[in-house]
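Take a look at the structure below.
The values are calculated or read from the model by the stated rules, or taken from the named source; none is laboratory data. Model, not experiment: these values are computed from the prediction. Counting neighbours? That spans all protein chains shown, and the Cβs are built from the backbone with ideal geometry, glycine included. Please note that ligands, DNA and RNA were not included when accessible areas were found on the heavy atoms of the full protein model with its side chains. Shrake-Rupley method; radii C 1.70, N 1.55, O 1.52, S 1.80 Å.
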Amino acid sequence: MKTINDFNFENQKALIRVDFNVPLNDDFEVTDTTRIIAAKPTIIKVLEDGGSCILMSHLGRPKGRQDEFSLRHIVNKVEDVLGVEVKFVEDCVGPDAEAAARELKPGEILMLENLRFHDEEQKGDKVFAEALSKLGDIYVNDAFGTAHRAHASTTIVAEFFPERKCFGGLLAKEIESIKKVMETGEKPVLAVLGGAKVSSKITIIENILDKVDHLIIGGGMTFTFIKAKGGNIGDSICEDDKIDLALDILKQAEAKNVVVHLPVDVLAANAFSNTAETQVLDVDKIPDGWQGLDAGPKTIENFHSVVMECKTILWNGPLGVFEMENYSKGTIALGDAIAEATKNGAFSLVGGGDSVAAVKQFGFENKVSYVSTGGGAMLESLEGKTLPGIAAILD
Ligand code: AMP
């Protein structure tokens, strides 16, 4: 696996695919710089070697060339974060882009206009990828968030750099973290899967059963399993068409010696609202008119013990409706437990969708080993898929 550390970028132009798909407010100001900060080490390494950087990214979902999606809006913020001047060119291919790239000197940064102003980007068009490839000497992919897409800038362009392509620092870290959980993690290995639906996690569960010793199932997913086992779940969220699947998962887990931990009690509410009446109930004795919206106290205690036993921990999905304060305790307690285990030497990876939002919201970001930057890319990795953007560098 080649990374930026395998190259000396002196007098080289690094063509870097970054993920600067950042949120903007109505005044086109960047409201979250996480992704820019995440790409900084890669960019600085190239500059410190004596090279230059040509940054390419997409922003939003433009239909053709639409000014509101111009990457020009973020240039100042990128300069602030990097502490280096950033030049900008109003296209990502063609004569202007080529001239700007040609004139770039060591120590300088050029940002190209939004790749998705060209339809060819998402189509993975080879001619477009070749036009991009003309701009740089070494191709660096540092965009985990789009690594699951076979787009021109994330995958196809790599073909034009057979010997001169590598992972950026961020992408390398993502790959290593996933590997630590899925292949080389110290045992016992635990996966915590929460969130709303079994259907969106089923491929992950099936793939993960071969890798883990313990599986905690929490959140809304719980109730399909509890109903499958004959419990009463009242009005809790449930996918009736996944009940057989839930039973099958439990059987598969048993056959593979994976210990499954389900909630034993819940905080139930008489409406899906933060101001509803609540009570703690056994998870399998929820009367009609009530729905489980968070883990109960015994469950929180049980999950704490499991987490503390494990040396490698993957967390995907909240344990309750954490967006409402009254149902956030289970998710916060789990975050606390994982933070404690991490402090004691466990490796913890948080990835995919809402668990990342929860981790950030409750301040666990720096208390776990790694928080993934890619939602869909992370989920597909956990499903066991080889991401095209990663395969293209490994080829
Ligand atoms: P996911 O994107 O699949 O990880 O699902 C995250 C969503 O699951 C969050 O928006 C939570 O509010 C929701 N969720 C978690 N627990 C429950 C529950 N017991 N009932 C309904 N929704 C839940």
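For this structure, a couple of remarks:
- Pairs with Cβ under 9 Å, 6+ apart, first in region 26-47 and in contact (Cβ under 8 Å) with a residue 60 or more places away in the chain, second among the polar types (S, T, N, Q) and part of a helix (DSSP H, G or I): 45/5
- Among the residues of region 214-226, those that are more than 23 Å from the chain's Cα centre (by Cα) and either aromatic (Phe, Trp, Tyr) or more than 13 Å from the ligand (Cβ to nearest atom) (or both) comprise 223, 225.
- Within region 214-243, the residues that satisfy the criterion of being buried (at least 24 other Cβ atoms within 10 Å of the Cβ) and in contact (Cβ under 8 Å) with a residue 60 or more places away in the chain are 216, 218, 219, 221, 222, 223.
- From the options 344, 302, 326, residue that is away from the ligand (no atom under 16 Å from the Cβ), surrounded by fewer than 20 Cβ atoms within 10 Å (Cβ to Cβ) and either within 22 Å of residue 196 (Cα to Cα) or at pLDDT below 95 (or both): 302
- Number of residues in region 23-45 that are open to solvent by less than 10 Å² (accessible area, probe 1.4 Å) and in contact with a Lys or Arg (Cβ under 9 Å, 6 or more places away or on another chain) equals 1.
- Hits in region 227-247 (condition: within 13 Å of the ligand (Cβ to nearest atom) and assigned to a loop (DSSP other than H, G, I, E, B)): 234, 235, 236, 237, 238, 239
- Residues of region 273-299 satisfying the condition of being within 12 Å of residue 226 (Cβ to Cβ) and open to solvent by 40 Å² or more (accessible area, probe 1.4 Å): 282, 284, 285
- Every residue from region 373-395 that is farther than 23 Å from residue 160 by Cβ and open to solvent by 10 Å² or more (accessible area, probe 1.4 Å): 373, 375, 376, 379, 380, 381, 383, 384, 385
- Residue within region 257-272 that is within 15 Å of the ligand (Cβ to nearest atom), over 29 Å from residue 348 (Cβ atoms), open to solvent by 80 Å² or more (accessible area, probe 1.4 Å) and not in a strand (DSSP E or B) present: yes
- Criterion applied to 48, 79 was being over 12 Å from residue 109 (Cβ atoms), charged (D, E, K, R) and outside any strand (DSSP E or B), and the one residue passing it is 48.
- Single unsatisfied condition, residue 275 versus (1) closer than 30 Å to residue 345 by Cβ; (2) over 25 Å from the mean Cα position of the chain (by Cα); (3) of a type in the set (S, T, N, Q): (1)
- Set 68, 130: member being in contact (Cβ under 8 Å) with a residue 40 or more places away in the chain, farther than 16 Å from residue 35 by Cα, open to solvent by 30 Å² or more (accessible area, probe 1.4 Å) and assigned to a helix (DSSP H, G or I): 68
- Summed over region 192-213, the residues that are touching a Lys or Arg at 6+ places or on another chain (Cβ under 8 Å), of a type outside the set (Val, Ile, Thr) and either under 26 Å from residue 341 (Cβ atoms) or more than 10 Å from the ligand (Cβ to nearest atom) (or both) give a count of 5.
- Test result for residue 257, out of contact with any Pro (no Cβ under 7 Å at 6 or more places or on another chain) and in contact (Cβ under 8 Å) with a residue 40 or more places away in the chain: yes
- No other residue among 394, 382 is closer than 30 Å to residue 267 by Cα, in contact (Cβ under 8 Å) with a residue 40 or more places away in the chain and among the aliphatic types (A, V, I, L, M) apart from 382.
- Restricting attention to region 305-323, the residues that are surrounded by fewer than 24 Cβ atoms within 10 Å (Cβ to Cβ) and either at positive phi or within 8 Å of the ligand (Cβ to nearest atom) (or both) total 1.
- Output for region 351-388, where each listed residue is touching an Asp or Glu at 6+ places or on another chain (Cβ under 8 Å) and among the β-branched types (Val, Ile, Thr): 359, 371, 373
- Residues of region 177-204 satisfying the condition of being buried (at least 19 other Cβ atoms within 10 Å of the Cβ) and under 11 Å from residue 384 (Cβ atoms): 178, 182, 204
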